[in-house]
Every structure is written in structure tokens, then in C-alpha cells.
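Data first, discussion second: the structure below is written as C-alpha cells.
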Amino acid sequence: MKYLHALALVIAFFTCAPSWAVQPDEVLSDPALEARARAISKGLRCMVCQNESIDDSEAPLAHDLRVLVRERLRAGDSDEQISHFLVARYGEFVLLRPPLSWHTVALWGTPPAILLLGIIMIVVVERRRAAAAPRTAPGNLTVVEEARLAEILRGGAGTPS
């Protein structure tokens with residue numbers, strides 16, 4: 001029985017492990033160039049998957065981009081030259097983290113703006129709620145109400161006024 005649990009654990013581990021998209025035929029023989037290629041491809045968006053880097057994607061276009069990055073590295077291009085080449089070809093959308101510029105301000109500014117708007121709305125609603133609340137807290141009676149309550153509790157209550 002123990003062995004079945006261990007076998008199930010091993011099977012679960014290997015089925016849940018991520019699949020590596022980089023194929024063995026793509027890997028460069030120079031480890032330094034391969035490390036650079038991996039670093040570059042982790043920052044590039046797969047145009048098919050759109051939420052994965054080309055390093056993680058198994059889409060054919062991601063494969064083509066990985067091969068292109070490695071070809072450019074073999075040709076002697078710097079990381080920046082490769083990035084500029086891909087941006088010129090595919091636009092800034094190919095970058096997983098586009099730089100802050102005048103045309104990406106909405107992309108970078110929208111989340112903080114929505115958060116700020118939410119905080120402002122909460123403050124306004126709470127202030128309105130506080131303004132609409134009665135000035136005296138429930139349970140605080142006026143002198144006349146306390147006298148009337150004492151009279152009722154003593155049992156000498158007449159008709160309510």
C-alpha cells in the first residue's frame with residue numbers, strides 16, 4: 001500500500017511539472033550564449049499565448065522567435081540590439097514588461113488610478129454615512145426620555161404621551 005502512495009506521488013509530481021518549451025535542437029553549444037538567449041526570451045511575449053514568455057510557450061511562433069534570438073546572438077548582436085530588432089518587427093507588445101513611455105502611460109497608470117478611485121469612493125461613502133447617522137448614539141436618552149423611562153419602570157406609568 002505504501003508503494004502505491006509513493007507511485008501516485010511520483011506520477012502526480014511528473015504530471016504537474018512544467019513542460020520546458022525550449023527544444024534540444026534550439027540549445028546553443030556555448031553556455032554563455034545560451035544563458036543570454038534564455039534571459040532574452042524570458043522577457044519576450046509569445047504572440048500566440050500572450051500571457052507567456054517565448055521561453056515557456058510551445059507555440060510554433062514562439063519556437064521561431066527563440067530560433068531568431070539565437071541566430072542574432074550567433075551573429076554577434078547585443079541583447080539590446082536583439083530587443084530593438086524584435087520591437088521594430090513586432091511592436092512593443094512583444095515585450096512582457098514594456099518600458100514607461102508616453103504611449104504606455106495608460107498601461108502603467110490605469111491600475112494605480114483605479115486603486116486611488118476606489119479609495120476615494122470608500123472615503124466619500126463613509127463620510128456620507130457618518131453625516132447621515134444620528135448625532136446621539138442609540139441608548140443615549142435625553143433627560144425627558146430618562147424621566148419617562150424611570151416612571152414606566154416604577155410601574156406608575158399612566159397613558160403614554
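Worth a mention:
- Of residues in the range 50-78 being within 15 Å of L96 (Cα to Cα) and surrounded by fewer than 16 Cβ atoms within 10 Å (Cβ to Cβ), the one nearest to the chain's Cα centre (by Cα): N51
- Odd one out for A130 among (1) within 30 Å of D30 (Cα to Cα); (2) surrounded by fewer than 10 Cβ atoms within 10 Å (Cβ to Cβ): (1)
- Any chance V143 is loosely packed, with under 11 Cβ neighbours inside 10 Å and under 26 Å from the mean Cα position of the chain (by Cα): no
- Selection from the range 78-136 of residues that are more than 30 Å from S53 (Cα to Cα) and among the small types (G, A, S): G118, A130, A131, A132, A133
Every number here is computed from the coordinates shown, using simple stated rules; none is lab data. Predicted, not measured: the structure shown is a model, and the values here were computed from it. Using ideal geometry, Cβ is built from the backbone for each residue, glycine included, and neighbour counts are taken over all protein chains shown.
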